[in-house]
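Novice: I'd like to ask some things about the structure below.
Derivation of every value follows stated rules applied to the coordinates shown; laboratory data play no part. This one's a predicted model, so the numbers in the text were calculated from it and none came from an experiment. We place every Cβ from the backbone using ideal geometry, glycine too, and count neighbours over all the protein chains shown.
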Amino acid sequence: MCRCRSIRNVASIQWLTHQAEYSNKTFYKTSHPEENNTLFTEVMSEALKRDYCIGEEIGHGRFGVVFRCHSLRSGTPFAVKTIDKRSIAQDSVDYQCINNEAKLMQALSPNMNILQVFDLYEDDDHLHIVTELCASADLFHRITLNRAFTEQEAVAVMVPLMKAIARCHSLCVAHRDVKPDNVLFDERGCLKLADFGSARWFGEGEGMVGVVGTPYYVAPEVVAGKEYGEKVDVWSAGVVLYVMLAGFPPFYGDTAAEVFEAVLRGNLRFPATVFGSVSPAAKDLMRRMVCKDVGRRVTAEQVLRHPWMTVGE
């Protein structure tokens with residue numbers, strides 16, 4: 001086995017071993033129906049069941065379960081995320097995030113690269129969010145299959161992803177959990193940024209606080225407990241780009257604490273055995289996105305104007 005393949009495989013295996021543990025907020029990854037599906041469908045509001053026929057479970061996460069459904073009026077397929085509010089009632093941060101998620105997604109719609117909310121149903125104990133259906137494999141699943149993307153494949157993901165992030169920032173919304181698991185694709189292959197459970201509004205000159213996100217992708221200023229701005233999303237997207245091209249993240253460790261330490265050091269490296277065939281332009285963009293100095297880190301709009309992103313337009 002060549003050294004390049006060996007390095008890539010060792011790092012990829014280490015990353016994949018811990019990724020499932022860290023990605024406990026993924027809602028749309030394909031999964032097998034569980035025994036408690038009947039319980040969830042029974043508690044769904046009568047108003048929801050009057051409008052939609054609920055199908056099989058297609059995903060689950062820390063806050064809820066997602067089911068396939070279709071409109072009884074039009075037959076159009078959708079997805080519905082059902083959240084048990086009682087399970088997070090004691091955690092004020094989680095409760096606020098869940099209450100904000102649907103509002104933020106509605107404010108960002110319509111946008112072809114952001115998962116669209118169509119209906120909301122709420123009762124005392126549950127919140128049901130009806131969204132467009134993205135049944136195709138998410139970006140994380142595609143990376144695990146391919147391990148490393150070509151630059152052409154990577155730019156085809158980065159352009160719509162950064163358009164979605166730029167749209168968020170233009171409306172003063174920071175996603176705060178950009179990662180491959182939250183990058184979905186509909187049946188036409190159109191990219192959709194999803195899971196706004198960690199997102200929040202920000203004002204001009206107003207910093208955000210709180211350690212949110214996923215270890216491999218979180219920006220160092222978040223880990224350090226400092227105030228931070230919307231550029232945390234640019235850092236995370238830069239890590240996503242690195243993962244697509246390398247097949248493993250730039251910062252990793254055996255535990256979440258070790259990953260955080262690596263993120264805080266922020267030593268971005270491009271091993272020649274893995275990145276030898278990657279263009280200087282791609283590396284330049286990653287250096288500008290995954291930059292510890294927030295003042296020097298590019299904005300989402302600047303990413304979209306970078307030469308690597310505009311090749312082939």
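Novice: Label-point separation (nm) for ARG86 and ARG305, each offset 7 Å from Cα along Cα-to-Cβ?
Specialist: If labels sit at ARG86 and ARG305, their model points lie 5.3 nm apart.
Novice: Can you pull the Rg over Rh of region 148-273, Cα-only, Kirkwood?
Specialist: Using Cα coordinates only, the ratio equals 0.96.
Novice: Multiply the residue gap between ARG73 and SER277 by 0.36 nm, knock off their C-alpha separation, and tell me the result in nm, one decimal place.
Specialist: Contour length minus Cα-Cα distance gives 68.2 nm.
Novice: So how much slack lies between VAL211 and ASN267, counting 0.36 nm per residue of separation and subtracting their Cα-Cα distance, in nm?
Specialist: Gain on stretching VAL211 to ASN267: 18.1 nm.
Novice: May I ask for the Kirkwood hydrodynamic radius of region 221-291, worked out over all distinct Cα pairs and given in angstroms to one decimal?
Specialist: Radius from the Kirkwood sum: 12.8 Å.
Novice: Express in % the proportion of alpha carbon pairs of region 183-242 at distances exceeding 12 Å.
Specialist: 71 percent
Novice: Output wanted: per-residue J couplings in Hz (rounded whole) for region 123-136, from phi through Karplus 6.51 cos²θ - 1.76 cosθ + 1.60, θ = phi - 60°, x for Gly and Pro.
Specialist: 10, 4, 10, 9, 10, 10, 10, 8, 10, 5, 8, 10, 8, 6
Novice: Just to check I understand the Karplus step: with θ = phi - 60° and J = 6.51 cos²θ - 1.76 cosθ + 1.60, what whole-Hz values come out for region 282-287, glycine and proline as x?
Specialist: Karplus values, whole Hz, x for Gly and Pro: 5, 5, 4, 5, 4, 4.
Novice: What's the ranking of 270-283, 212-225 by average number of surrounding C-beta atoms within 10 Å, highest first?
Specialist: With the highest mean Cβ count within 10 Å placed first, the list reads 212-225, 270-283.
Novice: Which of LYS163/LYS231; LYS231/LYS292; LYS81/LYS192; LYS85/LYS192 have a Cα-Cα distance over 18 Å?
Specialist: LYS85/LYS192
Novice: Give me the distance in nm between label points sitting 7 Å out from Cα along the Cα-to-Cβ direction at THR150 and ASP254, one decimal.
Specialist: 3.9 nm
Novice: In nanometres, what is the gap between the two model label sites at SER109 and LEU171, each 7 Å from Cα along Cα-to-Cβ?
Specialist: Here the answer is 1.0 nm between the modelled labels.
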